[in-house]
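The values are calculated or read from the model by the stated rules, or taken from the named source; none is laboratory data. Being a predicted model, the structure only gives us computed values, none of them experimental. Neighbour counts are summed over all protein chains in view; Cβ atoms, including those assigned to glycine, are modelled from backbone coordinates with ideal geometry. Heavy atoms of the whole protein, side chains included, go into the accessibility calculation; ligands, DNA and RNA do not. Shrake-Rupley method; radii C 1.70, N 1.55, O 1.52, S 1.80 Å.
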Amino acid sequence: MATQRTLSIIKPDAVEKGLQGAIIARLQEEGFSILGLRQLRLTRQQAEGFYAVHKERPFFQELCAFMTRSPIVVIALERDDAVQHYRKVIGATDPAKAEAGTIRKLYGASVSENAVHGSDSEENGRIECSYFFAGFDLV
Ligand code: ADP
Ligand code: MG
């Protein structure tokens with residue numbers, strides 16, 4: 001399996017509940033290396049840019065309002081098969097449908113407030129890491 005990068009975001013609902021440490025510990029247990037990690041609060045423009053692919057979806061405004069409500073933690077991760085393995089660790093978009101033990105099942109509240117973001121392809125993993133980190137930030 002090839003080494004890949006993927007972007008994790010600990011979303012506002014999870015940061016509000018103080019779950020940063022638990023989620024980061026889980027990611028390290030799963031064998032991910034942390035290349036970059038930062039807490040920040042998205043502006044509306046930054047949230048809309050990040051989720052531009054969803055701009056025609058009915059939940060776009062709700063999603064951008066949610067993602068700007070509180071700080072988030074962005075984490076650039078590296079591992080063999082990182083994209084697919086990370087998606088397995090977080091579980092389905094809707095926490096109610098996520099497998100037992102996944103991060104979204106454990107910590108997500110709803111299909112909207114689902115604790116974490118994950119990249120959906122190797123290409124998007126690279127693009128999304130670049131959205132938040134310059135090349136020299138990733139070590
Ligand atoms: P994923 O985060 O699992 O890749 P999507 O890319 O489809 O899921 O959606 C991006 C984010 O938009 C989700 O993580 C969730 O926060 C929000 N979202 C998705 N579907 C809905 C929905 N039906 N209603 C409200 N918010 C949604
Ligand atoms: Mg997605």
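Over the alpha-carbon set of segment 3-134, work out the extent along each principal axis and list the three values in angstrom, largest first.
Reported extents, whole Å, longest axis first: 34, 33, 25.
How much net charge surrounds K105 when only other residues with a Cβ under 13 Å from its Cβ are counted (Lys, Arg +1; Asp, Glu -1)?
Net charge around K105: +2.
How many percent of Cα pairs in segment 44-114 exceed 17 Å?
Tail fraction, whole percent: 55.
Leaving out same-chain residues fewer than 8 places away, which aspartates and glutamates sit with a Cα under 19 Å from that of K55?
E113, D120, E128
So if I place +1 on the C-beta of Lys and Arg and -1 on the C-beta of Asp and Glu, and nothing else carries charge, what would the dipole magnitude of the chain be about its Cα centre? I want it in debye, nearest 20.
The calculation lands at about 320 debye.
What whole-number value in Å² describes the accessible area per residue of the chain for a 1.4 Å probe?
With all protein chains present, the chain gives 51 Å² per residue.
Pick out, from A100, L42, L138, the residue whose Cα sits farthest towards the positive end of the charge dipole of the chain, with +1 on the Cβ of Lys and Arg and -1 on the Cβ of Asp and Glu.
Selected residue: L42.
Give me the percent of accessible area attributable to carbon and sulfur for segment 1-105, probe 1.4 angstrom. Present the calculation step by step, with values, prior to reporting the outcome.
Values: 2600 of 5290 Å².
So the carbon and sulfur contribution to the accessible surface is 49 percent.
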